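The values are calculated or read from the model by the stated rules, or taken from the named source; none is laboratory data. Fair warning: this is a prediction, and the values are worked out from it, not measured in the lab. As a convention, Cβ positions derive from the backbone with ideal geometry for all residues, glycine included, and neighbour counts pool all protein chains shown.
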Amino acid sequence: MKNLNIKSLFNFNKKIILITGSSGQIGSSIVKLFLSLGSKVYGFDKIKNKIKHDDYEFIKADIRNKSEVRRKISRIVKKNNRIDVIVNTAAVSIFSKYDKRTNSELDKTINTNIKGLLNVINSYVNIHKKNSLKKCSIINFGSIYGFLSPDFRIYGNKDRFSSEIYGASKAAVIQLTKYYSVMLSKYNINVNCLSPGGIFNNQKPQNKKFVKRYSKRVPLDRMGNVKNLFTGILFLASDRSSYVSGQNIIIDGGLSSW
Ligand SMILES: NC(=O)c1ccc[n+]([C@@H]2O[C@H](COP(=O)([O-])OP(=O)(O)OC[C@H]3O[C@@H](n4cnc5c(N)ncnc54)[C@H](O)[C@@H]3O)[C@@H](O)[C@H]2O)c1
């Protein structure tokens with residue numbers, strides 16, 4: 001076997017990357033990650049963040065709006081003749097209890113986390129087919145709460161729970177990842193999911209008691225940080241995972257193992 005050059009195995013120089021939810025905690029870190037590797041990055045979000053870089057273009061886009069999403073993806077493809085990787089992080093969470101659920105909270109979660117994600121994938125696929133594009137890697141963001149119930153004891157008495165509808169929407173993301181991996185294989189589009197456990201927020205730290213209780217639930221004894229997701233993202237984004245599709249990679253410090 002020839003010597004493997006690790007740098008060339010994970011080469012993202014000049015790759016065209018689209019990240020939805022690019023102004024969020026995780027999305028903005030992924031934008032910076034790909035910029036540091038020489039990629040050209042496009043970010044979709046409803047709100048702008050402060051990232052300024054010659055290779056970064058923020059595009060104000062609401063993923064719930066299908067025609068807007070299609071138009072804006074089309075513009076990226078026209079300019080670059082391809083999109084190599086799409087990372088779907090845009091999502092909303094609802095924190096009130098299930099028995100206080102309103103229809104507008106249900107609609108907002110479903111319209112963003114499921115229908116919005118479908119708008120992005122379906123719009124891209126139509127453009128991919130129309131332009132006979134060669135390949136693409138799609139990475140969706142699920143959550144451990146897409147396949148586990150939260151342990152509500154860690155949330156204390158405050159009315160700020162990870163909700164049933166958020167978990168149900170993330171279960172849908174894991175499922176539709178599998179569905180699309182099969183449907184899109186003939187177009188050379190790989191579709192995978194990354195499901196993080198709780199990520200510590202450096203900008204707006206979570207309540208100290210919550211962090212302590214949550215950490216106790218984790219075999220590795222702490223919440224995750226955004227950088228813990230990077231290797232999973234780079235693996236799924238790289239050509240090295242071209243034989244990986246329909247998978248849900250869980251990065252949770254082992255929480256889902258007990
Ligand atoms: N942070 C965690 O602990 C954690 C754990 C498990 C899974 N996740 C998942 O990871 C992803 C990113 O999480 P995060 O912590 O960065 O969340 P975040 O709330 O910080 O970021 C989400 C971003 O999505 C954007 N967004 C929401 N609705 C949108 C819409 N309709 N159109 C365009 N943009 C929209 C928001 O403006 C925000 O910038 C989400 O899918 C989330 O469910 C996060």
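Restricting to segment 129-165, what's the tally of residues that are over 21 Å from ILE233 (Cβ atoms), touching a residue at least 12 places away in the same chain (Cβ under 8 Å) and not basic (Lys, Arg)?
Total satisfying the criteria: 15.
Per this entry, SER132 is not counted among residues that are among the small types (Gly, Ala, Ser) and in contact with a Ser or Thr (Cβ under 9 Å, 6 or more places away or on another chain). Scanning segment 25-56 for residues that are among the small types (Gly, Ala, Ser), more than 24 Å from SER74 (Cβ to Cβ) and assigned to a loop (DSSP other than H, G, I, E, B) yields one hit, GLY38. Taking the criterion of being more than 26 Å from VAL218 (Cβ to Cβ) and part of a strand (DSSP E or B), no residue of segment 238-254 qualifies. Of all residues in segment 196-210, those being surrounded by 12 or more Cβ atoms within 10 Å (Cβ to Cβ) and farther than 18 Å from SER93 by Cα number 1.
Is it true that some residue in segment 219-237 is within 17 Å of ASN88 (Cα to Cα) and either acidic (Asp, Glu) or not in a helix (DSSP H, G or I) (or both)? No, every residue in segment 219-237 fails to be within 17 Å of ASN88 (Cα to Cα) and either acidic (Asp, Glu) or not in a helix (DSSP H, G or I) (or both).
Of the residues contained in segment 95-106, one or more are found to be at pLDDT below 95, in contact with a Ser or Thr (Cβ under 7 Å, 6 or more places away or on another chain), within 16 Å of the ligand (Cβ to nearest atom) and among the hydrophobic types (A, V, I, L, M, F, W, C). Comparison of ASP252, ASP221 shows that the only residue that is in contact with a helix residue (DSSP H, G or I) (Cβ under 6 Å, 6 or more places away or on another chain), charged (D, E, K, R), at pLDDT 95 or above and crowded, with 18+ Cβ neighbours inside 10 Å is ASP252.
Just so you know, in segment 132-166 the residues that are farther than 25 Å from ILE30 by Cβ and of a type in the set (S, T, N, Q) include one that is farthest from the chain's Cα centre (by Cα), and it is ASN157.
Annotation: SER149 fulfils all but one of (1) more than 12 Å from the ligand (Cβ to nearest atom); (2) over 22 Å from LEU33 (Cα atoms); (3) part of a helix (DSSP H, G or I); the unmet one is (3). When ILE47, ILE63 are screened for being surrounded by fewer than 23 Cβ atoms within 10 Å (Cβ to Cβ), in contact (Cβ under 8 Å) with a residue 24 or more places away in the chain, near the ligand (Cβ under 8 Å from one of its atoms) and under 21 Å from ASP107 (Cα atoms), only ILE47 passes. Of all residues in segment 189-215, those that are in a helix (DSSP H, G or I) and either under 18 Å from GLY24 (Cα atoms) or without any contact (Cβ under 8 Å) to a residue 60 or more places away in the chain (or both) total 6. Residues of segment 162-178 that are more than 16 Å from ILE110 (Cβ to Cβ) and surrounded by fewer than 18 Cβ atoms within 10 Å (Cβ to Cβ): LYS178 alone. Within segment 137-160, the set of residues being surrounded by fewer than 21 Cβ atoms within 10 Å (Cβ to Cβ), of a type outside the set (A, V, I, L, M) and touching a helix residue (DSSP H, G or I) at 6+ places or on another chain (Cβ under 9 Å) comprises PHE147, SER149, PRO150, ASP151, ARG153, TYR155, GLY156, LYS158, ASP159, ARG160.
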